[in-house]
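Worksheet: one structure, shown below.
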Amino acid sequence: KPLPAKIAPTAGSPRGPPKRSRCASLGMMAMLRAGLLLASLLATWINEASAVEVEAGTMVGTRLKSKEEIMANMTMEEAARMVMAMQKTKDAPALMALLQKHLGAAANHEKAAGAALRGKNAATTTAVPAGYAALQPATDMLNSFMSEARMTLDLSQIQCSRFERSQMILLTEAQRDVASFNGLAADARGCVLRSQGNIAALNNKMPQVKEELDDHRHNCANQVASLKYDLMILNGDIRVMDKILNLTQCSGEAAAPSFLQTGMEDLMHCEGCGGKDGLLMLQHSGIQKMINTLESKTARAYLHEHLMSIHGAGRRVALTQEEVRHRLALLEEGSEHRLQQVKAHVFADDTTTTTSGMFIPGTSEHLNLPDVPVPPEPVDCKPTNKCTLGSTSCIALYEKFTVVKGGIVDKRDTTSDELVDTERYCEETDSSLSSQLVALGDQLREHQTNLATCTKNQIDSEAQSHAKGRQHADLKAEYTETLTKCCEEQNNERSEICALEKIRGELYKLEGVTRFITDCEVSDWSEFECSSTCGGGVRRKSREVIVPPDGGMACPPLSMEEECNMQPCPIDCVLEAWGGWSSCSAECGGGVRERSRNVLVEMQHGGEACDETEEEEVCNGQACDADCVLADWSPWSTCNQACGGGNRGRTKSIATPALGSGECPGEEDEVRMMFEPCNTFDCSTLLPPNRTKLNCASKLDVVIVLDSSGSLGSHGWAMSKELTVKLVESFTAEPAADIKVGLLVFSSTDKTEWVRHLDPGATVEDVKNDALWHMSTTWTANALALAQGEFLHGRPDAGSIVIVITDGKPYSNKATEEAAKKLQNTARVMWVPIGPGAPVDLINEMASKPVEDHVIRVADFNNVADDWVANKILAGACPKVS
């Protein structure tokens with residue numbers, strides 16, 4: 001509610017009311033009413049305002065005039081005409097009569113007005129009342145008119161100032177609203193453009209992903225079908241090899257009588273046919289028929305490789321054409337295709353022809369003629385270099401067939417793993433592409449929704465902006481019109497005061513009375529601080545008397561209280577604490593993570609605006625495909641051999657793992673593992689004069705794995721056994737060395753046995769008496785697995801090493817490699833490959849590093865028993881020798 005203005009008594013005003021005429025009393029009552037109205041308006045005056053497009057305090061259209069300017073330009077005639085035209089003057093007949101008396105000339109300029117006035121005076125007055133002829137009553141009346149005009153002027157100033165300030169607030173708010181809605185419309189337009197761009201990109205991306213998914217499914221279906229077909233072929237070949245192995249049993253109840261009785265272990269090899277490597281055929285119709293049913297390239301390649309190795313190992317005899325015919329006849333059944341290959345090659349020069357069914361050029365029909373007789377075919381007893389016959393043993397042939405089957409099994413297992421990996425890859429990629437399609441569809445719908453929402457927001461914001469613009473234009477027009485009227489009203493009030501003052505002085509002058517009249521002059525309002533900065537307060541205002549009245553216009557009120565700062569208090573935005581960061585949108589390559597916070601209190605009435613409620617930052621900026629970072633080189637290790645040229649090494653570990661498709665060298669890569677020679681002097685310098693073999697002086701757990709497969713032959717087994725005896729002698733010669741030696745003899749899985757477990761009591765007699773030649777296949781993977789298990793009983797403070805002595809290929813390369821890698825986590829693995837049939841490349845992959853210290857190659861069984869072989873093995877196995 002507006003506070004009532006408290007108006008102090010006017011300085012210089014008389015304490016009690018003097019005796020006044022009726023007209024003077026009416027004038028004072030008018031002044032009182034004007035004062036009350038002024039107080040009421042002052043109580044609602046709003047002091048605060050903001051500048052907008054129209055400068056505050058500037059009257060638009062009409063200029064405010066000062067009192068001095070009005071007085072200087074106002075003639076007495078204009079003053080008389082103005083005063084006599086005032087309704088207050090017309091309502092005071094005595095004053096009007098006095099003015100007519102002294103200012104008649106001025107009144108005559110408006111005859112019509114004077115005639116109307118005289119007619120009214122004639123009707124209402126008949127004579128001048130007593131005592132009224134004096135000038136004082138007229139002066140009092142004019143002073144009251146001046147005070148009333150002054151109060152009206154003050155009232156106009158207050159009303160106009162209040163209007164101006166309130167209107168300025170409305171204009172400012174409208175201007176802010178226009179700017180705000182323009183900003184919202186611009187943001188919405190940007191959102192529209194972004195949404196349209198995203199929709200276009202998604203509409204272009206989705207068909208590409210769909211096509212990629214279709215191609216992926218098609219390719220996967222072909223790959224899986226191809227791998228499954230390969231598996232079917234390989235499994236069929238494995239079953240064939242099982243049948244062949246059953247037919248090539250060399251001993252026991254399972255032996256194949258037909259094979260053993262015929263003695264047809266011979267292999268016939270014909271060069272130049274059946275491919276660049278020639279055609280190789282076993283002289284057994286049943287087995288050769290099965291061999292011909294093998295379908296996979298893997299089976300044929302393995303079979304040719306291993307049969308050729310035993311064909312070339314024995315004695316070979318060149319066959320005559322007649323012998324070839326004879327042997328082919330024995331294989332006629334089930335081998336027609338391959339026999340035709342041999343016949344076409346071996347008998348290429350055979351001129352035997354037939355005219356039966358011959359087609360003669362130039363005729364259109366076959367002739368019914370007898371065949372042309374041919375001379376008898378000569379018996380060719382001369383050797384031919386096109387086909388040779390090589391003999392082999394049942395044991396060797398059985399082992400080679402076993403190795404062939406192992407190779408096919410390896411290929412089957414590799415293909416099976418590839419099938420599993422392919423199906424997993426296809427499933428994961430299918431799921432990824434399908435999820436990507438779903439995500440793209442969700443994004444498309446989201447952007448379409450955003451487009452609709454943003455379009456609506458743009459339209460609404462533009463409409464609101466235009467509406468606020470029209471409102472601002474209306475407010476501005478009202479502002480200009482109202483302030484123009486205010487200016488005119490205030491100029492009129494000032495002119496009225498000046499006219500009254502001018503007439504008052506003129507009356508005394510015309511009466512010939514000298515009177516110095518002084519009107520009350522007051523200072524401008526002085527304002528005290530508002531009791532509140534917002535939300536409604538009270539301000540006290542005051543002004544002082546500069547010139548006290550002396551017979552002139554009384555002083556206006558000198559103090560008042562008014563409401564101030566009625567605008568609502570600004571409310572600042574209040575936000576809650578930031579929430580946690582979301583997970584990164586990408587694991588690499590630059591993703592985005594975000595966090596948000598809610599608004600607890602909205603900003604109002606020009607308070608402090610809210611800061612960002614959502615925040616995002618780049619995360620995982622590292623490249624998706626980054627190579628690993630390696631640490632510095634480790635210190636050099638001690639030399640791994642006491643003599644004979646060992647190595648010491650150093651390694652690099654991984655400091656930062658590789659990312660995505662980034663590469664990282666393996667543990668044994670040369671950039672991560674380095675060796676340099678050490679202790680290069682000859683071991684013979686360490687031997688005393690009466691000894692030719694080194695002895696081990698290190699604390700070790702040693703397992704010797706000895707091959708006893710059939711491919712060794714009796715001589716090879718004897719030499720391998722003799723080498724083992726020398727090794728056991730050297731390992732056990734130094735009792736103080738505290739060495740445990742285990743001996744495992746291996747062949748097939750059912751013919752692999754421990755001659756001696758890890759034990760400090762191993763002797764040469766154990767090897768001589770208990771190590772038996774099993775003459776079976778080479779299941780090296782099984783032997784390595786058993787050796788690894790033996791180290792469960794080993795000693796933590798002793799060195800661990802496995803020495804593998806072998807001559808042939810293992811049953812399964814894949815299984816053997818896996819077993820060797822696992823064994824290397826437990827012990828060093830040293831290999832002693834003997835003879836030309838040992839798979840040196842495979843052994844190099846399965847040996848501990850450096851390879852040159854852990855692969856002791858012996859070219860021939862005749863050299864195995866030499867002391868240098870045992871010394872070389874011992875120097876590599878024992879860090880300390882004697």
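Residues in the range 622-642 that are in a loop (DSSP other than H, G, I, E, B), open to solvent by 60 Å² or more (accessible area, probe 1.4 Å) and not hydrophobic (A, V, I, L, M, F, W, C): how many? Number satisfying all stated conditions: 5. Among the residues of the range 509-535, those identified as in contact with a strand residue (DSSP E or B) (Cβ under 8 Å, 6 or more places away or on another chain), of a type outside the set (D, E, K, R) and not in a loop (DSSP other than H, G, I, E, B) are T518, V522, S526.
Does L823 fit the bill of being surrounded by fewer than 20 Cβ atoms within 10 Å (Cβ to Cβ) and under 19 Å from T780 (Cα atoms)? No; evaluated as a whole, the condition is false for this residue. Scanning the range 560-592 for residues that are at pLDDT below 90, out of contact with any Gly (no Cβ under 7 Å at 6 or more places or on another chain) and in a strand (DSSP E or B) yields M560, E561, E562, G591, V592. So is V538 over 30 Å from G607 (Cα atoms), of a type in the set (A, V, I, L, M), open to solvent by 40 Å² or more (accessible area, probe 1.4 Å) and in contact with a Cys (Cβ under 7 Å, 6 or more places away or on another chain) or not? Answer is no for this residue.
If you go through the range 596-616 and keep only what is among the charged types (D, E, K, R) and open to solvent by less than 60 Å² (accessible area, probe 1.4 Å), you end up with just R597.
Close Cβ contacts (under 6 Å, 6 or more residues apart or on different chains) running from residues in the range 219-231 that are more than 21 Å from A299 (Cα to Cα) and outside any helix (DSSP H, G or I) to residues that are of a type in the set (V, I, T) and open to solvent by less than 20 Å² (accessible area, probe 1.4 Å) are absent. Evaluate the following for S661: is it under 25 Å from Q824 (Cβ atoms) and loosely packed, with under 15 Cβ neighbours inside 10 Å? In short, no. Taking residues in the range 409-438 that are on the phi > 0 side of the Ramachandran plot, and partners anywhere that are in a helix (DSSP H, G or I) and modelled with pLDDT under 90, not one pair has Cβ atoms closer than 8 Å while being at least 6 places apart or on different chains.
Take the residues in the range 508-535 that are of a type in the set (D, E, K, R) and closer than 30 Å to E561 by Cα; name whichever of them is surrounded by the most Cβ atoms within 10 Å (Cβ to Cβ).
D519
Here C498 meets each of (1) part of a helix (DSSP H, G or I); (2) open to solvent by 30 Å² or more (accessible area, probe 1.4 Å); (3) modelled with pLDDT of 85 or more; (4) more than 18 Å from S161 (Cα to Cα) with one exception, condition (2).
Among the residues of the range 643-658, count how many are out of contact with any strand residue (DSSP E or B) (no Cβ under 8 Å at 6 or more places or on another chain) and open to solvent by 70 Å² or more (accessible area, probe 1.4 Å).
Result for the range 643-658: 1.
Looking at K411, is it at pLDDT below 95, closer than 30 Å to S776 by Cβ and either charged (D, E, K, R) or open to solvent by less than 40 Å² (accessible area, probe 1.4 Å) (or both)? Here the answer is yes, as K411 does meet what is asked. Residues in the range 593-611 that are within 23 Å of the chain's Cα centre (by Cα) and in a loop (DSSP other than H, G, I, E, B): R597 alone.
The values are calculated or read from the model by the stated rules, or taken from the named source; none is laboratory data. Note that the structure is predicted; figures quoted are calculated from it, not measured. All Cβ positions, glycine included, derive from the backbone under ideal geometry; neighbour counts span all protein chains shown. Just the protein is used for accessible areas: all its heavy atoms, side chains included, with ligands, DNA and RNA removed. Shrake-Rupley method; radii C 1.70, N 1.55, O 1.52, S 1.80 Å.
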